[in-house]
Amino acid sequence: MGAGDYVVHEAMELLSFTKDITIYTDGKELQVSEKFAEAAKKFNINSKAIYRIDGNEFLQKIFFKDGTSEDIDGLFIAYESPSSVDFARKLGIIVEGNAVVVDKNQQTNLEGLFAAGDCTGGFKQIATAVGQGALAGKRMVEYVNSLRIEKSAL
Ligand SMILES: Cc1cc2nc3c(=O)[nH]c(=O)nc-3n(C[C@H](O)[C@H](O)[C@H](O)COP(=O)(O)OP(=O)(O)OC[C@H]3O[C@@H](n4cnc5c(N)ncnc54)[C@H](O)[C@@H]3O)c2cc1C
């Protein structure tokens, strides 16, 4: 669901799972840059204004203001442009507000995945980002080395 480059980008990501993808623009005209114009042709485009979405355990149906409806298996929101933490949310990384949650080693809740700088919230300054980045880099090296040691012990 969206009406710009971002929605086409996200739809392309889904192509490895299914070819049955519709872009819902919610009454807007799909406006994509030259870069995404060709890719956009791969998808069904539905420009009807959305009235409501419905389902039981999972999302099942999308209703339009003109009284029609379509069956759906899921809906991904891709309005405007991605925020810096959208990527994190999709990976299942814990995010509070607009900040990726990290421990004192800059590690997220996903082992081996580290974050630093503005995306972690707090004092948004270059010095903070560089300092956190340096620590994250060091801990990443240590993490990768620990995997090598575990592997060589097998
Ligand atoms: C107007 C302004 C003035 C500032 N003045 C100062 C100052 O005087 N002194 C100071 O210390 N700090 C200042 N800051 C803050 C400083 O710019 C930031 O704290 C710092 O740049 C953070 O660095 P970062 O690497 O964490 O994030 P960023 O510098 O924002 O870098 C993140 C990068 O990731 C890219 N990105 C985001 N999402 C994705 C994605 N999904 N895929 C690929 N790439 C992605 C972005 O395009 C960006 O290039 C200022 C900020 C602003 C906005």
Determine the relative contact order of region 82-125: mean sequence separation of Cα pairs under 8 Å and six or more apart, normalised by residue count, in whole percent. 29 percent
Over region 1-150, what is the percentage of antiparallel beta bridges among all DSSP beta bridges, to the nearest 5? 80 percent
I need the fraction of alpha carbon pairs in the chain separated by more than 26 Å, rounded to a whole percent. 47 percent
Farthest toward positive dipole pole in region 5-71 [+1 Lys/Arg, -1 Asp/Glu at C-beta], among Ala39, Ala49, Gln60: Ala49
Straight distance only, please: which lysines reach the Cα of Lys138 with their own Cα at less than 22 Å, same-chain residues fewer than 8 apart left out? Lys104, Lys124, Lys151
Mind putting a number on the dipole of region 89-152 about its Cα centre? Charges go on the C-beta only, +1 for Lys and Arg and -1 for Asp and Glu, and I need it in Debye to the nearest 20. 120 debye
Against the longest principal axis of the chain, how steep is helix 126-152, in degrees 0 to 90 to the nearest 10, with axes from Cα atoms? 80 degrees
Label model pair Ser146, Lys41: point-to-point distance (7 angstrom along the Cα→beta-carbon line) in nm is 5.1 nm
Between the modelled labels at Lys65 and Lys104 (7 Å from Cα along Cα→Cβ) the distance in nm is 5.5 nm
Can you check what the net charge comes to around Lys65, using other residues whose Cβ is under 14 Å from the Cβ of Lys65 (Lys, Arg +1; Asp, Glu -1)? 0
In the neighborhood of Thr108, defined by Cβ-to-Cβ distances under 14 Å, what is the net charge if each Lys or Arg adds +1 and each Asp or Glu adds -1? +1
How far is helix 5-14 tilted off the main Cα axis of the chain, in degrees rounded to 10, range 0 to 90? 80 degrees
Among Leu147, Leu59, rank each residue by its count of other Cβ atoms within 10 Å, from fewest to most, as a rough exposure measure. Leu147, Leu59
Among chymotrypsin sites (Phe, Trp or Tyr not before Pro) in region 1-47, those in a DSSP loop whose Cβ has at most 14 other Cβ atoms within 10 Å are Phe17
Tabulate in residue order the Karplus-calculated ³J(HN,Hα) for region 65-70, using 6.51 cos²θ - 1.76 cosθ + 1.60 with θ = phi - 60°, rounded to whole Hz; enter x for Gly and Pro. 5, 7, x, 8, 8, 9
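All of the numbers you see were taken from the coordinates with simple rules; none came from a lab. This one's a predicted model, so the numbers in the text were calculated from it and none came from an experiment. Cβ coordinates were reconstructed from backbone atoms using ideal geometry, including for glycine residues, and neighbour counts include every protein chain displayed.
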